[in-house]
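Working notes, structure below.
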Amino acid sequence: MNRRPVRGRIEGVRIVDWSESADRGPAVVLLDQRALPHRTEYLQLRDVDAVVDAIRALAVRGAPSLGVAGAFGAALAAHVHAEDPGAARAETERIAQARPTAVPLALGAHRALARLDDGPAAVLAEARATAADAARVNTAATSRAAELLQAGCPGRAVRLLTLCNTGDLACGEGGSALGAALRLHERGALAEVLACETRPLLQGARLTVWELARAGAPHRLCVDSAGPAALAAGLVDAVVVGADRIAANGDVANKIGTYMLACAAARSGVPFLVVAPEETIDAHTPTGDDIVVEERGADEVTGLGGVSTTVPGTPVFNPAFDVTPAELVGAIVTERRVWSPAGGLRVGGAAARPPATPVA
C-alpha cells in the first residue's frame, strides 16, 4: 500500500486516502470508524458498491470527511470505468446520494467528477485537492472560532459542551467544532470539554473522547440527557457543534440531540456556536423545513454491542439528525465569516460559574 505522510493531530492515522497497486488496482482507503476506539482498522474499497456501503454504514462519517470520501469515490469510479464515462458518472451519482442530509458528500463527488473529460488521473488529482482544501478551510474556521471563544472568557480557560464527533475524524485535518476546542487546548486556554456520548452509535463516547485523549486535552463524558443539566448548573461557557447542512436562513441540521442542547443553552443563557465549512450553507435550501433528514435502521436503537436492549419487534423512530432553528443559533463560524442568525453571540458572562476542576 502506498503510504503518504499524514498531517493533523491524529498522527499516523489516515482517514480517507488512495491506494494503487499493480496487482490489485486502485482503491479508496478508509479508516473504519466503527472499530474505534479499540481497534484501528482500514478498509480498501475497490468498487463503487463498497464505497456506497461504507458511507451508509458510517465507516466514514462527518460532513467534511464525507465530502473527501465522495471525491475519492468519484476517482475510483473514473478509474474502474475508464472506458465508459457514462458509467463513471452514474456510479458517482450513487455515491453523491448515499446519505441525503450532508451537503459536502455530493459537492465533493461532483467537484472531482468535473475533471472526468481530462481522464481518471485528473479526477484523482481533484480529489486530492479537495482533501487539501478541506484542511485549509478547517484551519481558518477553527482559528476564528477559538479566538471568538477565548475573547468571550478573558483571563480564564474556556469550558465547552459538544455533541457527536467534529474533529479530524469527521472533517479531515483540523476538524470543526472539536478542532476549535483543540486549538484552545494548544493555547493553554481550554478548561474542559464535556462530550455527550451521542446515542445511538456513541460517536462522542467512541470518537470524540478518543481524539481528546490522544491530544491530552481535559475532558469528561456524559450521557446526552445530562448536557442540559450541565448547562443549567453553569458548568459550560459555550456549546460548540458542527453541521451537516445549514439552510439559507440559518437553520442548522446536525446530529440528533443538537436541538435539545440549543433549547437548553437558550434557556440557560449559554451561547450556541456552530463551526462548519462555508459550503455547508446551502443557498438552495431556504429553511430547515426543506432539509431531508435521514432516518436510519431500527437495529441501531434496539440493541447495543450485539445485545438486545428492548422488547423484540419494538417500532423505532431513529432520525440521524435534527434541525435547530436559526433563532437559537448564536453564531455560525466558517472559514470566511462569523454569521449570527440570532443577532449576536456572548460567551461567558457574569452568570457563568468559575471553571470546575476537569477530570480527564
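Each value in this text was obtained by applying a stated rule to the coordinates, not by laboratory testing. Quantities reported herein were computed from a predicted structural model and do not represent experimental measurements. Here the Cβ positions follow ideal geometry from the backbone for every residue, glycine too, while neighbour counts run over all protein chains shown.
Using all alpha carbons of segment 16-134, what is the percent of pairwise distances in each 5 Å bin, ordered from the shortest bin to the longest?
The distribution over segment 16-134 is 2, 14, 26, 26, 19, 10, 3, 1, 0, given as percents.
Specify the inter-centroid distance of segment 250-266 and segment 205-225, based on alpha-carbon positions, in whole Å.
A separation of 20 Å, based on Cα centres.
Which residue fluctuates the most in the chain, going by a Gaussian network model with Cα springs under 10 Å, if the choices are Thr314, Thr280, Thr258?
Result: Thr314 has the largest fluctuation of those listed.
May I ask for the distance between the Cα centers of segment 123-172 and segment 16-72, given as a whole number of Å?
22 Å
At a 10 Å Cβ-Cβ cut-off, how would you order Thr92, Thr285, Thr208, Thr309, fewest neighbours first?
Numbers: Thr92 28, Thr285 19, Thr208 31, Thr309 11.
Least to most surrounded, the residues fall as Thr309, Thr285, Thr92, Thr208.
Could you size up the charge dipole of segment 142-339 around its Cα centre, putting +1 on the beta carbon of Lys and Arg and -1 on that of Asp and Glu, and report it in debye to the nearest 20? Kindly include the intermediate steps, with their values, before the conclusion.
Working: 15 positive and 23 negative charges, 156 e Å.
Its charge dipole is roughly 740 debye.
Which is farthest toward the positive dipole end of the chain among Leu231, Val123, Thr309, measuring Cα position about the Cα centre, with Cβ charges +1 (Lys, Arg) and -1 (Asp, Glu)?
The Cα lying farthest towards the positive end belongs to Leu231.
Compute the Cα gyration tensor for the chain, then decide on rounded, prolate or oblate, letting a ≥ b ≥ c be the square roots of its eigenvalues: rounded whenever a/c is under 1.5, prolate when a/b is larger than b/c in the other cases, and oblate in all that remain.
Prolate shape, in that a/c is at least 1.5 and a/b is the bigger ratio.
Count charges around Pro37 for me, please; just the other residues with Cβ under 13 Å from its Cβ, Lys/Arg as +1, Asp/Glu as -1. Working shown, then result.
Values: positive: Arg34, Arg39, Arg206, Arg214; negative: Asp32, Glu41, Glu197, Glu211.
It works out to a net charge of 0.
Among Leu31, Leu113, rank each residue by its count of other Cβ atoms within 10 Å, from fewest to most, as a rough exposure measure. Numbers along the way, then the final one.
Numbers: Leu31 21, Leu113 27.
Ordered from fewest to most neighbouring Cβ atoms within 10 Å, Leu31, Leu113 come out as Leu31, Leu113.
Would you mind working out the magnitude of the charge dipole of segment 16-134 relative to its Cα centre, with +1 at each Lys and Arg C-beta and -1 at each Asp and Glu C-beta, to the nearest 20 Debye? Display every interim value, and only then the final one.
Working: 12 positive and 16 negative charges, 100 e Å.
Charge dipole of segment 16-134: 480 debye, to the nearest 20.
Of the listed peptides 263-269, 165-171, what is their order by residue-averaged count of other C-beta atoms within 10 Å, with the highest listed first? Each step should come with its number before you reach the end.
Numbers: 263-269: 17.7, 165-171: 31.1.
Final packing ranking: 165-171, 263-269.
First measure r as the distance between the Cβ atoms of Ala125 and Ala82, then evaluate 1/(1 + (r/R0)^6) with R0 = 22 Å and state the FRET efficiency to the nearest 0.05.
On the way: r = 15 Å, r/R0 = 0.68.
Computed FRET efficiency for Ala125 and Ala82: 0.90.
Once a ≥ b ≥ c are taken as the square roots of the eigenvalues of the Cα gyration tensor of segment 142-339, is the result rounded (a/c under 1.5), prolate (a/b larger than b/c) or oblate (a/b not larger than b/c)? The partial results should precede the final answer.
Details: a/c = 1.68, a/b = 1.24, b/c = 1.35.
Oblate is the answer for segment 142-339, as a/c is 1.5 or above yet b/c matches or exceeds a/b.
How do Ser308, Ser143, Ser176 rank when sorted from fewest to most other Cβ atoms within 10 Å of their own Cβ?
Final ranking by Cβ density, sparse to dense: Ser308, Ser143, Ser176.
Rounded to the nearest 500 deg cm²/dmol, what is the calculated helix-only ellipticity per residue at 222 nm for the chain, with -39500 (n - 2.57) per DSSP H run of length n ≥ 4? All intermediate terms of the calculation are to be shown ahead of the outcome.
Details: 11 runs with 125 residues, N = 360.
The per-residue figure over the chain is -10500 deg cm²/dmol.
How big is the charge dipole of the chain about its Cα centre, in debye rounded to the nearest 20, if each Lys and Arg gets +1 on its Cβ and each Asp and Glu gets -1 on its Cβ? Show your work: numbers first, answer last.
On the way: 35 positive and 40 negative charges, 272 e Å.
With only Lys, Arg, Asp and Glu charged at Cβ, the dipole is about 1300 debye.
Springs between alpha-carbon pairs under 10 angstrom, Gaussian network model over the chain: which of Gly119, Gly313, Gly234 fluctuates most?
Gly313
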